[in-house]
Structures are given as C-alpha cells and as structure tokens.
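As structure tokens, the structure follows; a few thoughts come after it.
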Amino acid sequence: MRCVYSEQMRTMDRLANEEGGIPSLVLMENAGRAARDAMQQTFGSLKDKRIILCCGSGNNGGDGFALARYLQMDGAWTAIIMVRGRERLSDISAKHLKITERMGVSIHSESNAPLLAEADLVVDALLGTGVKGAPTPPVSIWITRINACERPVVSLDIPSGLDCDTGLAPGGAVKADLTVTFGLPKVGLLLLPGAKYVGKLVVDSIGYDWTGVLPSDAPLWLGAEEVVNYLPARPIDAHKGTFGHLLIVGGSRGMSGAPILAARAALRTGAGLVTVATPESVQAVVASSLPTIMTIPLPDRDGALAESAYSALMEISTHFDAAVIGCGVSQRPEAGSVAARLARDLPLPAVMDADALNAIASNSAGDGNGDFSAYPRIFTPHPGEAARLLGAKTADIQSNRLAAVQRMVDRYRVTAVLKGSRTLVGAHNNQDGWQLAINTTGNPGMATAGSGDALSGMIGALLAGGLSAAKAAASGVYLHGVAGDRAAQETGLAGLTTDDLIDRIGLAIKELEEKL
C-alpha cells in the first residue's frame with residue numbers, strides 16, 4: 001500500500017474534488033461514517049455509550065462533527081466540545097456542524113472539561129495533517145486532558161500533535177487507542193516515535209479510488225501484496241541454478257559465525273547455491289558448520305583477509321549471480337581495503353554490510369563520497385554505520401531517518417537499507433515505481449547478535465534469484481520481520497535468537513504465499 005506526505009494528500013484531495021467530481025463536503029461525510037464503522041469494529045456496539053468529541057476549528061473538527069451524527073443515529077449519547085470558537089471554523093466544517101446541531105447533538109464550549117470524566121469513549125478531532133510544530137493553547141491543554149482522562153481514545157486521521165510527515169511530536173501528542181486515517185496512511189503514522197501514539201491503525205479510502213491521483217513518489221508501505229509479487233517464481237522444471245548462486249565474502253578469526261548465519265538465511269530464503277569465501281584460517285570452521293554450503297579459502301593475514309584476496313575474488317566472480325560482502329570481515333586495515341575495493345569493482349549485484357560499510361566510510365579506496373552505481377549495490381547500515389557513512393552523529397540519523405536514507409542514496413548512488421525499528425529502504429533509481437519503502441514488520445526481540453547478518457543473507461539470496469536491488473532489499477526486510485514476528489510468538493522476545501528467526505524464514509514465505 002502507498003502512504004503519503006501531508007502535501008501529497010492535500011493535492012490528492014483537491015484533484016478528487018476537481019477531476020473526480022467528489023466534493024470535499026462528501027469526503028468529510030464519508031470520513032465520519034468510516035470512523036463510526038471502525039469504532040464499532042473495535043469497541044462493539046456504541047448504543048447507549050457516552051461519547052465525547054473534542055473538535056478543533058479545521059477540517060479535522062469537521063470530520064468529528066460528521067462522526068457525531070452517525071454516533072447519535074446509532075443510539076450513543078454524544079456531545080461535542082468546541083475547543084476553538086465557531087468563528088474560526090472552515091466553511092465545510094461549519095456546514096457539518098449546522099447539520100449536527102439540527103439533529104440534537106449537544107455542543108459545549110472548551111470550558112466544559114468535566115464532561116471527559118463522564119465519557120465511555122473520547123474522540124480526538126483537534127488537529128489534522130496540515131499542522132506543523134508544537135501545539136499551542138488551547139489545543140495543547142486539551143491534548144494533555146485527553147491523555148489524562150483514562151478513557152479509550154479514538155483519533156481522526158492522525159493523533160493531534162503528531163507531525164504526519166516525520167512521526168515527531170514536538171510538543172506532545174494524543175495517545176490514541178484507535179486511529180482512523182482517511183484516504184491513504186500518512187508517513188508519520190508508520191514511523192517512530194509516531195507509531196507509539198497511533199494504537200490500532202485503520203485505513204479507509206472514504207469512497208474514492210486514489211490510484212488515479214497518486215503521486216509517483218508516494219512512499220510504499222511494505223505489505224504482503226507487494227512482496228509476494230516480487231518473489232522469484234519457482235517453476236516445476238527448476239534446478240539449483242534457477243535460483244542463483246550467492247557468494248558470501250566474510251568471516252575472520254573470532255567472527256566466523258557471521259557468514260555462517262548469512263549463508264543459513266540465504267538458503268532458507270531460496271538461494272539455489274551458496275558459497276562462503278573466507279580467510280583460510282577459518283575455512284574449516286565455516287565448512288564444518290553447514291554441510292549444504294561450499295567454501296573457498298582466501299589469502300589470510302593474521303586471521304583476516306589479506307590484500308591478495310581482492311584479485312582472487314575478482315578472478316572467480318563470473319561463477320556467481322550476486323554477493324554479500326562484509327559479515328565478520330573485521331576492521332583490520334588490509335581486510336577493510338579488500339572490502340572497499342570489492343564494493344566498487346566486483347562485477348556482480350552485491351549487498352554491502354557491517355565491516356564493509358565501515359571500510360567504505362573510512363578507507364581510501366572508498367572515500368565516503370564515491371559513486372557506487374557501476375553495479376547494483378545495497379548498503380545495509382544500522383544507525384551507527386549510517387552515521388559514519390554520512391559523517392554525522394548517530395543521534396542525527398535517528399532524529400530524521402527519512403532524510404538520512406535519502407542522503408545515502410544520493411551520495412553513494414545505491415539502494416540503502418537503514419535498519420532499526422521501522423526499517424527504511426531508499427531506492428536508487430525508482431525503476432520499480434517507488435523511491436522509499438517503510439517496513440513495519442519485526443519486533444524488539446530481533447535486536448540480537450547476528451540478526452543483521454541474516455538480513456544480508458536473505459537480501460543476497462533474492463538478488464541472486466534475479467530481483468532488482470530495490471525489490472530484493474524491500475522483500476528481504478519485510479520477510480526478515482515476518483520471520484522474527486513468528487519466532488517471537490513461539491519463543492517470546494527475550495529468548496529470541498537469530499537461529500530462531502532463520503528457522504522460520506521458510507514458514508514466513510509459505511504463509512505469505514498462502515495468504516494471497
């Protein structure tokens with residue numbers, strides 16, 4: 001599903017009105033009905049419930065007025081608190097308020113705060129998607145009151161106080177139990193910290209097909225429908241070579257487990273063949289750990305890649321369909337030089353992870369400003385690695401993850417995967433119809449050793465299977481989260497290990513295919 005920024009949604013609303021012939025008054029009416037339906041599905045019958053709607057003066061308040069009528073017709077005791085004066089209402093909101101009053105819904109001024117204590121449910125219709133910055137009084141006061149009322153809260157379109165483009169809440173925001181968003185989901189509802197304010201998220205198209213007015217750069221909210229269509233087909237006459245041969249370059253003394261985990265994950269994701277190229281001194285460890293992989297010993301210096309490993313890998317590169325470089329390579333200068341040079345020169349689609357990214361950021365062969373677009377490249381940094389790649393601080397990356405992933409794409413000309421809760425994928429060339437994808441699968445239990453290595457192996461397998469860099473990255477990130485979620489259901493969060501996740505990759509793919 002696509003998601004949108006606030007300006008994109010406003011443009012789409014206008015086009016729906018001007019080109020689609022559906023008036024804004026009708027869209028607001030449909031929003032009220034959609035919110036009522038979502039409330040019934042979430043909370044059950046609303047008959048005889050006491051529902052207080054806190055309404056602002058913009059169109060978000062108008063959505064609340066429309067909702068109040070439907071609640072009244074369903075037999076709820078409904079009251080509206082006007083947080084700003086009537087004179088500030090937008091035209092269409094004023095029209096809906098007039099209709100609502102005629103139906104007998106009681107209207108109260110913002111001084112009537114004690115009504116909240118009498119509510120069974122509270123509706124937040126204070127601020128919509130067009131508001132930026134910290135809320136000011138009286139709205140900020142009412143946000144505090146709603147959060148303190150200890151009643152279930154329903155937010156219309158977006159929790160008031162939340163920036164719908166960044167997910168930030170600069171002055172605090174309503175903490176909703178249910179958010180009903182209209183048209184398409186807003187980007188800030190999916191990102192952190194915004195997602196912590198949303199509660200259950202329901203998306204309603206409010207009676208219009210938005211695909212005809214959807215901007216080409218609208219971000220993608222990764223879901224089962226997109227990913228299942230990306231996965232490589234598995235024809236009845238397939239053989240090992242059909243699904244690609246993946247080369248994993250990694251490992252060093254003390255870190256032999258990283259390429260092993262990547263290889264296991266790649267096989268579970270469907271790679272036909274996997275070969276791990278690793279320093280000679282750790283080859284036996286890697287080979288004995290997994291009988292279904294092949295291994296190649298590489299020139300070794302003190303348990304890590306020697307400089308001559310570069311030419312050895314370039315010479316054999318034609319035997320493979322894709323590569324993963326970096327898992328456990330170590331930060332020794334010689335090994336880093338090999339990884340950085342391979343990032344530029346290896347004539348294969350490749351995933352660059354972990355120590356390879358650190359080498360790119362610091363090594364003279366990868367000066368931090370280079371163009372890596374000669375061959376398809378996927379960078380998979382966690383926030384600390386992203387900070388090194390961009391010459392920034394980790395806190396800067398986390399404060400604006402959207403900007404950070406776009407900066408990586410622009411600077412290095414790669415597909416960028418910014419890992420973390422709500423992983424972001426930035427596409428290099430938009431050839432697959434999107435520039436940014438947001439993933440919402442996964443859980444805190446996946447913050448465990450080796451999880452990133454597994455992700456690299458999964459993405460590498462999909463690259464070897466013939467997917468574009470953007471599709472491989474997006475699919476790998478989504479399936480990684482689904483496998484982690486399934487593992488968490490069975491093991492709990494605290495006890496989840498990367499082995500648990502890898503063991504459930506095949507089941508995650510099976511469930512995905514069966515679902516659709």
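Throughout, read-outs are computed from the coordinates displayed, never taken from laboratory work. Here the structure is a predicted model, which means the values were calculated and not measured. Neighbour counts run over all protein chains shown; Cβ positions are idealised from the backbone, glycine included.
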Practice problem: Post the alpha-carbon centroid distance, the range 33-69 to the range 395-448, in whole angstrom. | Solution: 35 Å
Exercise. Sort all Cα-Cα distances of the range 243-477 into consecutive 5 angstrom bins from zero, then give the percent of pairs in each bin up to the one containing the longest distance.
Key: 1, 8, 16, 21, 22, 17, 10, 4, 1, 0
Quiz prompt | Share antiparallel - DSSP beta bridges, the chain, percent rounded to 5 | solution = 15 percent
Quiz prompt | Using alpha carbons only: equivalent-ellipsoid semi-axes of the range 6-218, gyration tensor based, whole Å | solution = 24, 20, 16
Quiz item: Of the beta bridges DSSP finds with both residues in the range 243-477, what % are antiparallel, to the nearest 5?
Solution: 25 percent
Quiz item: What is the distance in Å between the Cα centres of the range 210-280 and the range 322-351?
Solution: 18 Å
Quiz item: Mean residue ellipticity at 222 nm from the helices of the chain, using -39,500 (n - 2.57) per DSSP H segment of n ≥ 4 over the full residue count, to the nearest 500 deg cm²/dmol?
Solution: -12500 deg cm²/dmol
Quiz item: With respect to the cross-link table entries Lys393/Lys419; Lys186/Lys471; Lys49/Lys186; Lys95/Lys196, which display a Cα-Cα separation exceeding 25 Å?
Solution: Lys49/Lys186; Lys95/Lys196
Exercise. Among DSSP beta bridges whose residues both lie in the range 177-319, state the antiparallel percentage, nearest 5.
Key: 10 percent
Self-check item: Principal-axis tilt of helix 401-412 within the chain, Cα atoms, nearest 10 degrees
Solution: 40 degrees
Exercise. Determine, for Leu507, Leu313, the number of other Cβ atoms within 10 Å of each Cβ, and report the residues in order from fewest to most.
Key: Leu507, Leu313
Practice problem: Show me 193-205, 458-470 ranked by packing, highest mean number of other Cβ atoms within 10 Å first. | Solution: 458-470, 193-205
Quiz item: Which angle from 0 to 90°, rounded to the nearest 10, does the C-alpha axis of helix 257-269 make with the longest principal axis of the chain?
Solution: 70 degrees
Quiz item: By how many degrees, between 0 and 90 and to the nearest 10, does the Cα long axis of helix 451-464 differ from the longest principal axis of the chain?
Solution: 80 degrees
Exercise. Would you mind putting 153-162, 485-494 in packing order, based on average other-beta-carbon counts within 10 Å, highest first?
Key: 153-162, 485-494
Self-check item: Mean separation of Cα contacts under 8 Å (6+ apart) over length of the range 243-477, as relative contact order %
Solution: 21 percent
Quiz prompt | Rounded Å value of the spacing that divides the Cα centres of the range 110-168 and the range 452-481 | solution = 40 Å
Self-check item: Which labelled figure in [x] 23.4; [y] 26.7; [z] 24.6 is Kirkwood radius over Cα pairs in Å, once derived from the coordinates
Solution: [z]
